[in-house]
1. Report the FRET efficiency, 1/(1 + (r/R0)^6), for ASP3 and ASP108, where r is their Cβ-Cβ distance and R0 is 25 Å, rounded to 0.05.
2. Order these by the 10 Å Cβ neighbour count, fewest first: ARG18, ARG50.
3. What's the exposure ranking of SER12, SER46, going from fewest to most Cβ atoms within 10 Å?
4. At 0.36 nm per residue, minus the direct Cα-Cα distance, what do SER26 and HIS98 gain on full extension? Give it in nm, one decimal, please.
5. Apply the Karplus curve 6.51 cos²θ - 1.76 cosθ + 1.60, θ = phi - 60°, to the phi angles in the range 114-122 and return the couplings in whole Hz, x for Gly and Pro.
Amino acid sequence: MLDPQILHQRASRVLPIRLQTTALMSDADGAERPDAMRLLIRRCRSGAIRFRLATETLAGLAQAPLDYLKQATTAREGLGRRRPPLRYGPWQTVAAPHGMGFVTCSVDGRATLWLIPGQQLAVYGWNDRGLCAGWEAGPWTC
């Protein structure tokens, strides 16, 4: 079994460096990090990983969020040894539970990244066959 800190570090590869997180969060059903495990250990075709946003990131989002996010369009690392880091498109402001949220989609159309500062939450969702219908409505519906 992977140590929770190592699992968090490895799962964070999909996030831009600008987005600092402190831990993985339990899935909505209370399961402890199963999608992160599937993404990292055996390649799963779809899923979502929830991260807790760090204080520094929340502070940046509170000031001028879209300016802050302009520098958050390239993932830290690629998911495979020889794969380039994911590239994300421009960030958009969206309505979210507990206030304003932000969303971007990977350039290849297979991943989406949601930030919900009011819940200290970042959600990375992926589907190797393309995003699920309704992804625009948010990670709480997809």
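1. Using R0 = 25 Å, I get an efficiency of 0.25.
2. Final ranking by Cβ density, sparse to dense: ARG18, ARG50.
3. Sorted ascending by nearby Cβ count, the order is SER46, SER12.
4. 24.0 nm
5. Residue by residue, the range 114-122 yields 10, 10, 10, x, x, 10, 6, 10, 10 Hz.
Computed from the coordinates by the stated procedures, all read-outs in this text should not be read as laboratory data. This is a predicted model, so every value here is computed, not measured. Glycine gets a Cβ as well: all are built from the backbone with ideal geometry, and neighbour counts include every protein chain shown.
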